[in-house]
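Bear in mind that the values in this text are calculations on the coordinates, not laboratory data. Remember, it's a predicted structure, so these values are computed and weren't measured experimentally. With ideal geometry, Cβ positions are generated from the backbone for all residues, glycine too; neighbour counts draw on all protein chains shown.
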Amino acid sequence: MDREPFVKYVSLVRERVPSFTEYPFSIPAIQHLDQLDLGASVTFFVGENGTGKSTLLEAISVVAGLNAEGGSRNHTFHTRDTHSMLKDCLRLGRGIRSSRRSDAFFLRAETFYNLSTECERLGVEYGGRSLHDQSHGESFLSLVLNRFFGNGLYLLDEPEAALSPLRQMSLLVAMHDLVATGSQFIIATHSPIIMAFPDAVIYRFSETGIAPVKYTETDHYRITKNFLTRTDSMLQQLLGGDPDDPTRPVH
């Protein structure tokens, strides 16, 4: 289904930035941010820990009117204010189908417990049970299957933290069905399974900024493929190599 996206782009209003030497504006991906196209049905933010992908996704969610700890626009709970000043310096290019008049949800693994507690307080169940009465992965996927109504804007932060490889494939199926209704996804992930979604746009966050990357050229794909096809030699390199080898991963 070919529809105009809810969010076309995000840009950094640089004159509002207090200082590029302070967090989160000191993060290279944020420092170099000008305008990032988000018009695809599915957009992925990928990169190493600390490169700013979740920070930017959280700020986009807040600017879109969603709760920083997860949920819809109707969720106003907060456990601790951890979102950065970045939200005050972003501008979203919205499509004609404004997300404010359609479904929208921010789902993040880091604060999913807090969201589950709020849903239980409100007496809201998904899949016929409280989210707290299901396993982490069951409840996460149950919320997607029973709460994402379609024709909406959905932002997911590291969903693989809750999902087994099989459940990640189930998420791909759910995403496919929701995209068919005109939904838009923006997802920060480390999972080579999830980021394999067909025709998705993938942005790599790194020390040099943000740049598009092909799926098979992501570190996540290459490292995972190399490990699975050369398991013994990779383990030998990782566990039996010289501790002073600069190419050896560190803790």
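The figures follow:
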{"item": "Relative exposure of Val63, Val42, judged by other C-beta atoms within 10 Å (fewest first)", "result": "Val63, Val42"}
{"item": "Cα→Cβ-extended label distance, 7 Å offset, between Ala180 and Asn226, nm", "result": "3.8"}
{"item": "Interchain or long-range residues, amide H under 5 Å from Gly209's placed H", "result": "Ala29"}
{"item": "Modelled FRET efficiency - R0 35 Å, Phe20 with Glu217, Cβ distances, 0.05 increments", "result": "0.75"}
{"item": "Reachable lysines, given that their alpha-carbon falls under 28 Å from the alpha-carbon of Lys214 and they are not under 8 places away in the same chain", "result": "Lys8, Lys53, Lys225"}
{"item": "Nonlocal amide H pairs with Lys8, under 5 Å, H built at 1.01 Å", "result": "Gly93, Arg94, Gly95"}
